[in-house]
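Step one of this worksheet: look at the structure below.
The values are calculated or read from the model by the stated rules, or taken from the named source; none is laboratory data. Remember, it's a predicted structure, so these values are computed and weren't measured experimentally. Because the Cβ atoms are built from the backbone with ideal geometry, glycine has one as well, and the counts that use them run over all protein chains shown. All accessible areas refer to the heavy atoms of the entire protein, side chains included, with ligands and DNA or RNA removed. Shrake-Rupley method; radii C 1.70, N 1.55, O 1.52, S 1.80 Å.
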Amino acid sequence: MDQSGIADRRRLRRKLTFWRVVGLLAVVLLVFGLTYAGGFAERGEKAQSHIARVMVSGVITANEDLLDRLEDVRDDPNVRAVIIGIESPGGTTYGGEVLYNAVREIAAVKPVVAEVRGLAASAGYMIASATDHIVAGEASIVGSIGVIFQYGNVSELLDNIGISVDAVKSSPLKAEPSPFSPANPEAEEMIGRLVADSYDWFVDLVAERRDMTRPETLAIADGSIFTGRQALQNGLVDAIGAEAEVRAYLGTRDVDTDLDIVDWEPEGSGGFFFGQAAAGLIGGLFGNSALGSQVVSAFTDQKLFLDGLTSVWQFGGQQARDDWGNTP
């Protein structure tokens, strides 16, 4: 190729790089513009009387962001009522406890209703029971009232590969159960007491909130799950339906049923689908899909790309546990 052809190619490459950079900047500015526009719109909705909806989804823990939002909707004078949307398999007993208490604090000052989506099991149901009224879909999964403590035992594996783990303890029950040896009867008894106490607390909580006797509650608190229709029959939910039924209940609490329902979402969660689209555009512009996600993540919120993390419960699978006992 002669010098003229090489020079033309270089000029073409510089022009292509220039327009790629321009395109990248345009997309980034568009991301920022739509994100801030969404934020302004959300603030405008919250500046007038409305019904707030807060989602409790995925595995439940003592989520500080969620607790802060529940406190905010409780104290906001523009929030006339609160919907707790639930799509959760449960989680840690402590996480369920603190969220339960936060919802009860809301109920002390304004109407609050649970809208069960596909699943409100264990700690998820615990939180639903904290509301004034529970609405569930006919095919929703509800219940799983109970407590479980699980621990691993790899002692046989260690024996097979010739490894032993020794310990000097201040007392026999210190650091029990251990994954390095089978639990002794005393340790199993200790764990049983822990599980029984947590279970009794859970059963009494449901009995109080659902206006049941303890025997009535125990009859359905064997870890069983129920459809929404079954849960209506056994008293775990109050109505079958969705938003229309939620609004109908709030109408009985002197809440204007024509008020807008505003989703109170985590900070930085706006623009999710656009964020993915922007990542695709940037990736296509430079021929590198990973680069697109990296660039948009750098300028926005990493949470935009965590869309798969709420699918944490599987039939027959193990749920998240903490180290002292979780709701199953």
**OP:** Taking a cut-off of 16 Å between Cα atoms, list the aspartates and glutamates near K110, but don't count ones fewer than 8 places away on the same chain.
**Re:** E71, D72, D75, D76, D132, D254, D256
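Could you order L236, L25, L218 so the one with the most accessible surface comes first? Probe is 1.4 Å. If you can, show how the numbers build up before the last one.
Details: L236 0, L25 100, L218 70 Å².
Listed by decreasing accessible area, they come as L25, L218, L236.
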**OP:** Kindly state, to the nearest 0.05, the FRET efficiency for D222 paired with E188, given R0 = 22 Å and r defined as their beta-carbon distance.
**Re:** 0.60
Original post:
What does the charge add up to near E105, with Lys and Arg as +1, Asp and Glu as -1, over the other residues with Cβ less than 11 Å from its Cβ?
Top reply: +1
Original post:
Under a no-solvent Debye model with one identical scatterer per Cα of segment 101-151, what's log10 I(q)/I(0) at q = 0.13, 0.30 Å⁻¹?
Top reply: -0.34, -1.10
**OP:** Pop out the ³J(HN,Hα) list for segment 98-113 in order, Karplus 6.51 cos²θ - 1.76 cosθ + 1.60 with θ = phi - 60°, rounded to Hz; leave Gly and Pro as x.
**Re:** 5, 6, 4, 5, 5, 5, 5, 5, 5, 4, 6, 10, 7, x, 9, 10
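What length, rounded to one decimal in nm, is gained on full extension from Y151 through to T257, with 0.36 nm per residue of separation minus their alpha-carbon distance? Please list the in-between numbers first.
On the way: separation 106, 0.36 × 106 = 38.16 nm, distance 4.86 nm.
Full extension from Y151 to T257 adds 33.3 nm.
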Original post:
Over segment 56-154, what relative contact order in percent results from Cα pairs under 8 Å that are six or more residues apart?
Top reply: 28
Original post:
For labels at L158 and A196 in the simple 7 Å Cα→Cβ model, what's the distance in nm?
Top reply: 2.9
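Kindly report the accessible area of segment 191-237 per residue (heavy atoms of protein chains, probe 1.4 Å, no ligands, DNA or RNA), in Å².
Normalised by residue count, the accessible surface of segment 191-237 is 55 Å².
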Original post:
In whole angstrom, how long is each semi-axis of the equivalent ellipsoid of segment 136-198, when you take the square root of 5 times every eigenvalue of its Cα gyration tensor and sort them from largest down?
Top reply: 34, 18, 7
Original post:
All other residues with a Cβ under 14 Å from the Cβ of V237 taken together, and with Lys, Arg as +1 and Asp, Glu as -1, what is their net charge?
Top reply: -2
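Can you give the local net charge around M55? Use residues other than it whose beta-carbon is closer than 10 angstrom to its beta-carbon, Lys and Arg +1, Asp and Glu -1.
Numbers: positive: R53, R69, R117; negative: E87, E115, D263, E265.
With Lys, Arg at +1 and Asp, Glu at -1, the neighbours total -1.
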